[in-house]
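A quick write-up on the structure given underneath.
Each reported figure results from applying straightforward, stated rules to the coordinates on display, with no laboratory input. Predicted model only: the values in this text are computed from it and were never measured. Note that each Cβ is placed from the backbone with ideal geometry, even for glycine, and that neighbours are counted across all protein chains shown.
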Amino acid sequence: MTTPAITADAPARALQREATPPWLMYGVLFGLLGALSIVLWGPIGVSGTYPRFIGALFRVFDPAYAEANPYLVKMGSLFKPETFLVVGLLIGGLIGARANREKAPKCEYTRAGETNERKRYRDAFIGGFLIVFGARIAGGCTSGHIISGMTQLSISGFIFAAGVFATGILTAKTLRAPRAGVPA
Amino acid sequence: MTASIFALLIGVGMGFFIQRVKASSPAMIARNLRLENLSVIKFMALTIAVGSVATYLIAQFAPGAMHFDIKPAYVVGVLVGGLVFGVGFGLGGYCPGTCVVGIGEGRRDAWAAILGGVFGALVFTLVYTVAIAPLVKLVDLGKLTLPEVLHLPSLGVAIAMGVAFMVVLKLLPTEVKKA
């Protein structure tokens, strides 16, 4: 029973050994880039740019509120290196997709067997809301807390990562089964 | 100004790497969180392992050059924030940075995620004083690091964590068979 499985797996394993898997190569490069970032200007972090963007909007449309809200005052101006980092992410994504002549699907599903585009946009919107809201409660996201935080060996990074993977895995596993009564 | 240029260039590199390992693909994130494929989790763990050793190695020789920024460990807020984040991560398949990369790639659902994120930041800003500020600072351990807790040198802890991560990476399969 086990023999066919092993022989079927063997070529795939041999192939994996020959070519460096992307996660290995880019993981090393990303790690070195993260260290370089700490030397050059500071640890990477993305989620703070969202409220700073909100602050910039308030400063245009309701400057009095922008000055009265302690959180917007605390987060400060949008003209920070972090904002440029986010602009860089956009450019990097564009170059990455172009370099490999890849056309990213306009819409990808996180629920198994789902094809409803409108529901996908709804999920992405709610997901987007929760990641930024959650990240702002914690004071950082995947980049600021998990990558930069754990790189600097900060306790907060380990706590945040534990929380993220606990509910992340639970949510993804729950969504895996197509819901009863909903055609796949 | 110089810092902003460095940040921009580092962002371009990060965005490129994230795109190449498919960390900006919600379907790939969903597979990773279902533990069917571990490539993105491995990418993150390796990034941390290499980054930590490199950072504290450089700090050993040029401590004055480092721009460390340790975030405070206010245990309740950080944990609750992580739990909320995880639900959004599992549902949408994006994090605040990868949806920006996704827009660069031409993903349309990334726009929905970023709009949700901007709306989330707005609501957070509005409720901060009333609902967030009193809650999050409970059990604040301050800017605490693992080497401080263990009373061990930072570089040693970084190397130990790096080696431990790499052993686990080596042992775990990347493509896990579906149950």
Charge-dipole axis of region B:67-153 as Lys and Arg at +1 and Asp and Glu at -1 on Cβ define it, positive-most pick from B:Ile132, B:Val101, B:Leu146
B:Ile132
Can you compute the FRET efficiency between A:Tyr65 and B:Lys137 using 1/(1 + (r/R0)^6), with r the Cβ-Cβ distance and R0 = 25 Å? Round to the nearest 0.05.
0.60
Show me the helices of chain B, taken as full DSSP H stretches, that run 18 Å or more along their long axis by Cα and average 0.5 or above in Kyte-Doolittle hydropathy.
B:2-20, B:39-61, B:75-92, B:109-127, B:154-171
In a shell of Cβ-Cβ distance under 14 Å around B:Leu79, excluding B:Leu79 itself, what net charge do Lys and Arg (+1) and Asp and Glu (-1) give?
+1
Only residues of region A:138-156 count here: report those whose backbone N is under 18 Å from the spot 7 Å along Cα→Cβ of B:Ala65, or say none.
A:152
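To the nearest whole number, what is the average tally of beta carbon atoms from other chains within 10 Å of the beta carbons of peptide A:68-81?
Counting other chains' Cβ atoms within 10 Å and averaging over A:68-81 gives 3.
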With the 8 Å Cα cutoff and a minimum separation of six or more residues, chain B has a relative contact order in percent of 38
One quarter of the convex hull surface, Cα atoms only: what value does that give for region A:56-143 in nm²?
8.4
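Would you calculate, for chain B, the mean residue ellipticity at 222 nm contributed by helices, counting each DSSP H stretch of 4 or more residues as -39,500 (n - 2.57) and dividing by all residues, to the nearest 500?
Taken over chain B, the calculation gives -22000 deg cm²/dmol.
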hull vol. (C-alpha, convex hull) per residue for the protein assembly as shown, Å³ -> 157
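Neighbour counts of other C-beta atoms within 10 Å: give me A:Lys74, A:Lys80 arranged from fewest to most. Could you put the intermediate results ahead of the total?
Numbers: A:Lys74 11, A:Lys80 17.
Least to most surrounded, the residues fall as A:Lys74, A:Lys80.
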Across peptide B:53-60, how many C-beta atoms of other chains are within 10 Å of each residue C-beta, on average?
5
Hey, got the dipole for region A:56-168? About the Cα centre, +1 on K and R Cβ, -1 on D and E Cβ, debye to the nearest 20?
300
List every residue whose amide H lies under 5 Å from the amide H of B:Thr145, counting only residues 5 or more places away in sequence or on a different chain, with H placed 1.01 Å from N in the peptide plane.
A:Ile155
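Compute the Rg/Rh shape ratio of region A:25-184: radius of gyration over Kirkwood radius, all on alpha-carbon atoms.
Here the Rg-to-Rh quotient is 1.01.
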Please check which bits of region A:144-177 a label hung off B:Leu57 would reach, taking the label as a point 7 Å along Cα-to-C-beta and the cut-off as backbone N under 16 Å.
A:151-152
Set Lys and Arg Cβ to +1 and Asp and Glu Cβ to -1, take the dipole of region A:34-184 about its Cα centre, and tell me which of A:Ala64, A:Phe79, A:Phe158 lies farthest positive.
A:Phe158
How high is the relative contact order of chain A, given as a whole-number percent (alpha carbon pairs under 8 Å, six or more residues apart)?
22
Taking a ≥ b ≥ c as the square roots of the Cα gyration tensor eigenvalues, with a/c under 1.5 meaning rounded and otherwise prolate when a/b beats b/c or oblate if not, region B:137-179 comes out oblate
Just want to confirm a number: the relative contact order over region A:24-78, from Cα pairs under 8 angstrom separated by 6+ residues, in percent.
29
Footprinting exposure proxy for A:Lys119, B:Lys71 (fewest neighbouring C-beta atoms within 10 Å first):
A:Lys119, B:Lys71
